[in-house]
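Below is one structure, written out as structure tokens; the observations come after it.
The values are calculated or read from the model by the stated rules, or taken from the named source; none is laboratory data. Predicted, not measured: the structure shown is a model, and the values here were computed from it. Using ideal geometry, Cβ is built from the backbone for each residue, glycine included, and neighbour counts are taken over all protein chains shown.
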Amino acid sequence: MAHKLRSKDFHTIDIYNNQTISIALSILKKHYKYNTNEEKIKLIQKVKDNPQDYLEDPILNKIAFEFYEEEETEETEIVIKDREVELNVFGRPLIKANAYQQMRTATQLPVVEKAALMPDSHLGYGIPIGGVLGVKDAVIPYAIGMDIGCRMSLTLYDVTERYFNKHVHKFKQSIIDNTAFGLSKVIPYKQEHQVIDRPEFNELSLLKSMKSKAARQLGSSGSGNHFVEWGLVHLEEDEAVGLTAGTYVGLLAHSGSRGFGASIARFYADLAKEKSLLPSNMRHLSWLDMDSDDGKEYWMAMNLAGDYAKACHDRIHINVAKSVGLTPLCKIENHHNFAWKERVDGHELIVHRKGSTPAGENVLGIIPGSMTDPGFIVKGLGNSASMASASHGAGRKYSRKETISKNTNSEMRKHLRQHRINLIGGALDESPFAYKNLEQVMDFQKELVQPIGKFFPRIVRMDKAR
């Protein structure tokens, strides 16, 4: 039987601080109890060597901050802007000062031409979650985020509420058997999708090295706030959807490009930082010029990661629906954590949307609530002030630590019962108490999107309770 991890095990990777060891032991015991001691030590070694890669990780960020130090430079720094860049804020009363100031700092970059904050915005790494940046001829990896191509997808089925309620166990089992969540988790049967055969995998050594892992993780989801849900959809009649008004059963998913996208983000963010002459407190906002080899490579890799995220969603919807014998009527889907080449105020810019939804004129989207609060099916209005963007959800009201300190699991279970929610997995830090009120968020973006339906969650699966 393997021994429990002790302080001297961490000495082998040059960690001697008792506080740091205590934090690491606590995290490993709670979240990685099924991993071997060797795997645990290797994981902490990775965090120690590259702490900046884990600052947004919902589990490992606490240990990452033990090792993270802002980089210093003795080289001549880039002169940041001394002029005001247009920053349009939607829902300022819902946005904390630290997120607003973080976005203000980002607008000082010489490549930024325009910026916007959505009403679900909260503090992130690089720019806030819910931030939008219009950038001239450059791409900023950390303004896109670690989970490249994270997205929402909703499929509607012609099934009555009565049928759903009668067969709720069958619907629940369909998610249990055909989804997988968390680090290194995979679907228990072979997955196929044409994205794995894309030629880009052979054009860069980085992509080639990750192809087999990407293939294994196809159709699976990450941890944190990623989910797959069955629910009821109340839809208004709208030609953009092409369905009559009424109630449908819907399958809603939220996840991204898994470790594949995260590895791309880390690699090119590090490249950008190595070549950057930004002040030390802004190095995480380093960019790659679009006409440089690194910029072109990142753009190709980013787009492949986005297509891979879509492929994962495709497999989730196919696998789950097949197990209950349903045929799709329509699918509504959209990326966030991505960048697009778009015309903004008559000029081409690289529009970075980190945790915000594309909302071009008549573009359909889905903005989810929490485990209990209904989400909205929306149609974009193409508002130029937001660079045709909207929120990607309700947004966090409290950090994970704050949520856990303010609430209990018994309170969460009671709240879920009151709303008739059947939760599989999940955790207190992702409870409904953690999130802003989506109705309030929607009130602040009436100029950005038009609601045309609602999604009411009934069966929710997330990563196992932590």
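LEU423 falls short on exactly one of the conditions (1) assigned to a strand (DSSP E or B); (2) touching a residue at least 60 places away in the same chain (Cβ under 8 Å), and that condition is (2).
Evaluation of LYS48 against the conditions (1) farther than 18 Å from PHE67 by Cβ; (2) charged (D, E, K, R); (3) surrounded by 10 or more Cβ atoms within 10 Å (Cβ to Cβ) shows that the sole unmet condition is (1). Within segment 375-385, the set of residues being within 19 Å of the chain's Cα centre (by Cα) and in a loop (DSSP other than H, G, I, E, B) is empty. Can you name the residue in segment 152-170 that is aliphatic (A, V, I, L, M) and assigned to a strand (DSSP E or B) and, of all such residues, is surrounded by the most Cβ atoms within 10 Å (Cβ to Cβ)? Only one residue tops the list, namely LEU154.
Looking only at residues of segment 447-464 that are more than 22 Å from THR244 (Cα to Cα), in contact with a Leu (Cβ under 9 Å, 6 or more places away or on another chain) and basic (Lys, Arg), we find that the one that is surrounded by the most Cβ atoms within 10 Å (Cβ to Cβ) is ARG461. LEU251 fulfils the conditions (1) under 20 Å from the mean Cα position of the chain (by Cα); (2) farther than 19 Å from ILE367 by Cβ except for a single criterion, (2).
Under the condition of being among the hydrophobic types (A, V, I, L, M, F, W, C) and part of a loop (DSSP other than H, G, I, E, B), which residue from segment 426-451 is farthest from ALA359 (Cα to Cα)? So, considering only residues that are among the hydrophobic types (A, V, I, L, M, F, W, C) and part of a loop (DSSP other than H, G, I, E, B), the one farthest from ALA359 (Cα to Cα) is ALA427.
Of the set (1) in the same structural domain as HIS234 (by TED's automatic domain parsing); (2) under 29 Å from ILE175 (Cα atoms), all apply to SER356 but (1). Annotation note: of LYS185, LYS211, the sole residue that is within 23 Å of the chain's Cα centre (by Cα), part of a helix (DSSP H, G or I) and free of Cβ contacts under 8 Å to residues at least 60 places away in the same chain is LYS211.
Residues in segment 374-396: is at least one polar (S, T, N, Q), closer than 26 Å to LYS185 by Cα and in the same structural domain as TYR248 (by TED's automatic domain parsing)? No, segment 374-396 contains no residue that is polar (S, T, N, Q), closer than 26 Å to LYS185 by Cα and in the same structural domain as TYR248 (by TED's automatic domain parsing).
What are the residues in segment 236-248 that are more than 30 Å from the chain's Cα centre (by Cα) and either surrounded by 15 or more Cβ atoms within 10 Å (Cβ to Cβ) or polar (S, T, N, Q) (or both), if any? THR244 - this is the single residue of segment 236-248 that is more than 30 Å from the chain's Cα centre (by Cα) and either surrounded by 15 or more Cβ atoms within 10 Å (Cβ to Cβ) or polar (S, T, N, Q) (or both). A residue that is over 30 Å from GLU237 (Cβ atoms), outside any strand (DSSP E or B) and in contact (Cβ under 8 Å) with a residue 60 or more places away in the chain occurs somewhere in segment 398-412. Scanning segment 188-208 for residues that are touching a residue at least 12 places away in the same chain (Cβ under 8 Å) and basic (Lys, Arg) turns up just one, ARG198.
Here the condition is being in contact with a Ser or Thr (Cβ under 7 Å, 6 or more places away or on another chain), over 21 Å from ILE318 (Cα atoms), touching a residue at least 12 places away in the same chain (Cβ under 8 Å) and not in a helix (DSSP H, G or I); of GLY149, GLY126, GLY130, it holds for GLY130 alone.
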